[in-house]
Amino acid sequence: MVHVGEKQFFEDTYGEAFDHDVALVEGLDSGVSRSLTRSYRWLNFENLKLALQPKAPAQQNAKARIVKADLSAEEFHREWKKVPIALRSALYVMAPIFGIRGKLFASRASLAKALSLDDHPSGEEVLSWDPKFEPIYNSIGLARDKRLIECIEAELNDANGSERRIAIVYGARHMRAVVRHLAKLGYHCSDTSWRTIFSV
């Protein structure tokens, strides 16, 4: 999943995902996450003719059994407090700055450049890695990856060999951990399809 795209992309993707038997969804109910996501929530969606990722539908409006596969607010805050206060402060300051810059200057082309992501980290990602940012990766990424994988395993074990269609409606970057874990369990990709997030 991506957080910004054309309205039709979200309608098509959600329509398919929540027609599965089970849908594992992300979602942090935290003031911290709301503060950090200002970096893209403040985009000028009307001018860009784009939309913000909608919330998952209410259970009564979906065929799929919806499972929140994310940390609780308390769990996330516990992880977030492990991040040095200087880094936390910097993120609180930078998020609205990026948000204002995006609102004033973002284009579809500039947004598209930030959406490219492969199964494995790119050379640029590897070379730009800095150990001082590791606590941020752990709180926003790894801790949530671990919870998502726990929920996937619970669904696979509960299926008890029966066929079950499971959708994962979660940030694209988290899929690297999912792909690696499923490969370890012996699963492999049998089919793929492309879906346009937005045209440039």
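Some observations on this one:
- Cβ-Cβ contacts under 6 Å between residues 6 or more apart (or on different chains), taken from a first residue in the range 148-163 that is of a type in the set (V, I, T) to a second residue that is outside any loop (DSSP other than H, G, I, E, B), are listed as I149/H181.
- Filtered residues of the range 110-137 (kept if assigned to a helix (DSSP H, G or I), of a type in the set (A, V, I, L, M) and either at pLDDT below 80 or closer than 24 Å to K184 by Cα (or both)): V126, L127
- Whether a residue is buried (at least 16 other Cβ atoms within 10 Å of the Cβ), in a helix (DSSP H, G or I) and in contact with a Gly (Cβ under 8 Å, 6 or more places away or on another chain) was assessed, and H181 does not pass this test.
- Of the candidates A143, A159, A154, A172, the single residue that is touching a Leu at 6+ places or on another chain (Cβ under 7 Å), among the aliphatic types (A, V, I, L, M) and over 29 Å from L50 (Cα atoms) is A143.
- The range 63-97 - residue that is of a type in the set (A, V, I, L, M) and outside any helix (DSSP H, G or I) and, of those, farthest from K132 (Cα to Cα): A64
- Some residue of the range 20-33 being surrounded by 13 or more Cβ atoms within 10 Å (Cβ to Cβ), more than 23 Å from G141 (Cα to Cα) and without any contact (Cβ under 8 Å) to a residue 60 or more places away in the chain: no
- Count of residues meeting criterion [in contact (Cβ under 8 Å) with a residue 24 or more places away in the chain and either of a type in the set (V, I, T) or touching an Asp or Glu at 6+ places or on another chain (Cβ under 6 Å) (or both)] in the range 65-96: 5
- Sole residue being out of contact with any strand residue (DSSP E or B) (no Cβ under 8 Å at 6 or more places or on another chain) and assigned to a helix (DSSP H, G or I), chosen from I152, I140: I140
The values are calculated or read from the model by the stated rules, or taken from the named source; none is laboratory data. In this text the structure is predicted, and so the values were computed from the model without any measurement. A quick note on method: Cβ atoms are made from the backbone with ideal geometry, for glycine too, and the neighbour counts reach across all protein chains shown.
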